[in-house]
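Taking it in order: structure first as structure tokens, then the write-up.
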Amino acid sequence: QGVEVQTDYVPLLNSLAMYGWQLTCVLPTPIVKTNREGNLSTKQIVFLQRPSLPQKAKKRESKVNNL
């Protein structure tokens, strides 16, 4: 009660989105730290994925067929 949770993944997600990465899951961990002001912070595990790129698969197939 009386606790405000602040998370800001937007800068991370924007920087990785230009390379095709997408956020799939965020897991909290039991790691909790207190700073000088008495604020608590937690560590979280962030899972990202990129969809497969069909163009690269086609290039590999053509190389195999040419051998």
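Provide the gained length on full extension for the span residue 49 to residue 14, in nm with one decimal, where the gain is 0.36 nm per separating residue minus the Cα-Cα distance.
Fully extending the segment from residue 49 to residue 14 adds 11.2 nm.
How much accessible area does residue 52 have with a 1.4 Å probe, in Å² rounded to the nearest 10?
100
At what distance in nm do the modelled label points of residue 39 and residue 24 sit from each other, each positioned 7 Å from its Cα along Cα→Cβ?
Roughly 3.1 nm, to one decimal.
Arrange the residues 9, 19 by how much accessible surface each exposes, largest first, with a 1.4 angstrom probe.
Heavy-atom accessible area, descending, gives 19, 9.
The values are calculated or read from the model by the stated rules, or taken from the named source; none is laboratory data. These figures come from a predicted structure and were not determined experimentally. Glycine gets a Cβ as well: all are built from the backbone with ideal geometry, and neighbour counts include every protein chain shown. For the accessible areas, the whole protein counts, side chains as well, though only heavy atoms, and no ligand, DNA or RNA atoms are used. Shrake-Rupley method; radii C 1.70, N 1.55, O 1.52, S 1.80 Å.
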